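Accompanying notes for the structure given below.
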Amino acid sequence: MKTLRYLLALFLLLPLTLLAQTRAAKPTQLPPAAMATIAAQPATAAPKVAGSATPASHVISGIVLSTSGVPLAGATVELALERSHTSSTNADGMFMLRTTATAPTLIVSYAGYQQVQVTVDSGRPVSVEMQPIRNYAQQLKQQSKAANKAYRKR
């Protein structure tokens, strides 16, 4: 029983420690070589052949940053209309997705930050700035108390 409580507490408090580490991190700027690598990706991977029924696909790339400019590793990036096309940002906050849509909308989410929708209109890399959720630690604490209370009632 105590082991279960400790595991539950660890599971609920782990996001808080990660949030604290994210806030404590110093803002870093990506080197120009990293942005050049993203920009160097081909705009179209497969050209449309005359008489072909399949539209040409292209690559959407970009970076996800916090309000202080820190790259967010592990953020989820997905296409709004094609939920099966999902990607996560790497350690530098960069992502890449392939789509056939002409003006796709990206949905970007990250724990402790508000979900963002961005419409992509060109082949250039996208920069997404995430806004933190106010009182996230307090909300998480209230949820853990409610979960613990519901567990005890069993």
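Any read-out appearing in this document is the output of simple, stated calculations on the displayed coordinates, not a laboratory observation. Please read these numbers as outputs of a predicted model, since none were measured by experiment. Cβ: placed from backbone, ideal geometry, glycine included. Neighbour counts: every protein chain shown.
For ARG154, ARG83, the sequence from fewest to most other C-beta atoms within 10 Å is ARG154, ARG83. With θ taken as phi - 60° and the Karplus curve 6.51 cos²θ - 1.76 cosθ + 1.60 applied, the whole-hertz 3J(HN,Hα) list for the stretch 87-92 is 9, 10, 6, 7, 5, 8 Hz, x standing for glycine and proline.
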